[in-house]
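Chemist: Pasting a structure here, questions to come.
The values are calculated or read from the model by the stated rules, or taken from the named source; none is laboratory data. As the structure is a computational prediction, the values presented were derived from the model and not from experiment. Cβ sites come from the backbone with ideal geometry, for glycine too, and all protein chains shown count toward neighbours. We work out accessible area using only protein heavy atoms, side chains counted, and drop any ligands, DNA or RNA first. Shrake-Rupley method; radii C 1.70, N 1.55, O 1.52, S 1.80 Å.
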Amino acid sequence: MNRRGVTVHSTQVAIIGAGPSGLLLSQLLAGEGIDSVVVERESREHVQGRIRAGLLEWTTVELLREAGISERVMREGLIHEGFDVAFAGGHHRIDLKALTGRAMLVYGQNELQRDLVEARAESGAVLWQAGDVTLQQWDTGAPRVSYTHAGTRHELRCDFVAGCDGYHGVSRAGLPRGSLTQYERVYPFGWLGLLADVPPVHEELVYANHERGFALCSMRSRDRSRYYVQCPLEDKVEQWSDARFWDELRLRLPERYSARLVTGPALEKSLVPLRSLVTEPMQFGRLFLVGDAAHIVPPTGAKGLNLAAADVRVLSRGLIEFYRRRCTTLLDEYSARALSRVWKATRFSWWFTRLMHRFSADPFALRMQSAELEYLASSAAACRSLAENYVGLAFD
């Protein structure tokens, strides 16, 4: 403890945020003998209870395997080799395996969070409910993270800081005004999601374009389904009873799906606004922004968690190179390398959102959307482009 009554600690990498990206980075670094401390403002139960994405690219699965936490993922996850695009009363299957040689894996983010927490629990490297977190001197060779934990003020001295605490986190908020450039597109609608213990309507995901709006039929397991419908931004969850949701979903699906729809009481309902956002750069001195702290994509195409994992992959390799060889080449390239992938995924998410949702009643726009869907269903090249982006582009 120093003269100011602050308890001083040291580590090599301070990680802000104990969501999947922060814990995965800590786990990967631990495998290389690199010390880290994860500082999280919320409780373990709060973070665990978040209902988020559940579709993993295979590059993300491989990163989990590298981190030594893929056993339950592979045992309980559902491998999906394709998905359906439904429109004009019919459907067209995108055969991911045939078109790209790769597949996707359905595994709930809350389950992945549980795996990561258990993997890091014995290390004691995760501090839950740390308040008043501030970052100092990240633009020098000796960054510091200050926080209050269990009633005591602490100072964590480190070599690097990874900001994995999301758009509203302290990592982003602490940057000087004007130091970053933000590119944003806000969409004029949201997604109303419902989670229920009912069997999925189809063995693969169904993305539906309908005159009443977009719908998505997804799942978390063989007996737990996640459904979404496009809705106005001004809607409130309380306006949507379970019965209203199921009736609306049924109307938006072709008969081959609606006839098999099993309904049940909602375990959870939520309304999510959609936007695309990219922040440049993603590195400020020895502070690195990761995942939602730097970029947000609409959930169409399931890129959010996978982009965060890709950031972790790039950053972990840079940190490992630094501690092995005292070389900063990969760290210096972090922002450029991460943003190259981020912008491509942002383009795909924007395109897929535009293709599947109803933006307006403009007759020309509706005709263009119909033409593009018909072209997709008739063109192997268009299907291959969609499939390549959906499963995740290869790393450079």
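Chemist: Assigning unit charges at the beta carbon (Lys, Arg +1; Asp, Glu -1) and nothing else, what dipole magnitude in debye, to the nearest 20, does the chain show about its Cα centre?
Modeler: 480
Chemist: Per 0.36 nm of contour for each residue apart, how much would the distance between ARG367 and SER340 grow if the chain were fully extended, relative to their Cα-Cα spacing?
Modeler: Working it through step by step, the gained length comes to 6.5 nm.
Chemist: Once the whole set of protein chains is in place, how much accessible area is left on GLU374, using a 1.4 Å probe, in Å² to the nearest 10?
Modeler: 110
Chemist: For the chain, set up a GNM with springs between Cα atoms under 10 Å and report which of LEU24, LEU274, LEU116 has the largest fluctuation.
Modeler: LEU274
Chemist: Counting only the heavy atoms of the protein chains, how much of LYS236 is accessible to a 1.4 Å probe, in Å² to the nearest 10?
Modeler: Its accessible surface works out to 120 Å², give or take rounding.
Chemist: May I ask you to compute the full-extension gain from ASP95 to GLU62, defined as 0.36 nm times their residue separation minus their alpha-carbon distance, rounded to one decimal in nm? Don't skip to the answer; put the middle values down first.
Modeler: Values: separation 33, 0.36 × 33 = 11.88 nm, distance 2.11 nm.
Result for the pair: 9.8 nm of gain on full extension.
Chemist: In square angstrom, rounded to the nearest 10, how much accessible surface does TYR390 have for a 1.4 Å probe?
Modeler: Accessible area of TYR390: about 10 Å².
Chemist: Compute the length gained on full extension between ASP132 and SER270: take 0.36 nm times their separation in residues and subtract their Cα-Cα distance, giving the result in nm to one decimal.
Modeler: 46.8 nm
Chemist: Do the sum for the chain: with -39,500 (n - 2.57) for every DSSP H run of n ≥ 4, divided by all residues, what is the mean residue ellipticity at 222 nm, to the nearest 500 deg cm²/dmol?
Modeler: Values: 14 runs with 145 residues, N = 396.
That calculation yields -11000 deg cm²/dmol at 222 nm.
Chemist: Using a Gaussian network model of the chain whose springs link C-alpha atoms within less than 10 Å, name the residue from ARG93, ARG252, ARG313 with the highest mean-square fluctuation.
Modeler: With Cα springs under 10 Å in the chain, the top fluctuation among ARG93, ARG252, ARG313 is at ARG93.
Chemist: Taking square-rooted eigenvalues a ≥ b ≥ c of the alpha carbon gyration tensor, is region 1-61 rounded, prolate or oblate, where a/c under 1.5 means rounded and, failing that, a/b exceeding b/c means prolate?
Modeler: It comes out oblate by the Cα gyration axes.
Chemist: Quick one: if the Förster radius is 41 Å, what FRET efficiency do PHE359 and THR328 give, using the C-beta to C-beta distance and rounding to 0.05?
Modeler: 0.35
Chemist: Also, I was wondering about something else. Can you find, among THR7, THR60, GLY82, the residue farthest towards the positive end of the dipole of region 1-104? Put +1 on the C-beta of Lys and Arg, -1 on that of Asp and Glu.
Modeler: The residue sitting most towards the positive pole is THR7.
Chemist: May I ask which residue of ALA308, GLY190, THR279 lies farthest towards the positive end of the charge dipole of region 182-335, with charges of +1 (Lys, Arg) and -1 (Asp, Glu) on Cβ and the Cα centre as origin?
Modeler: With unit charges placed on the Cβ atoms, the residue in question is ALA308.
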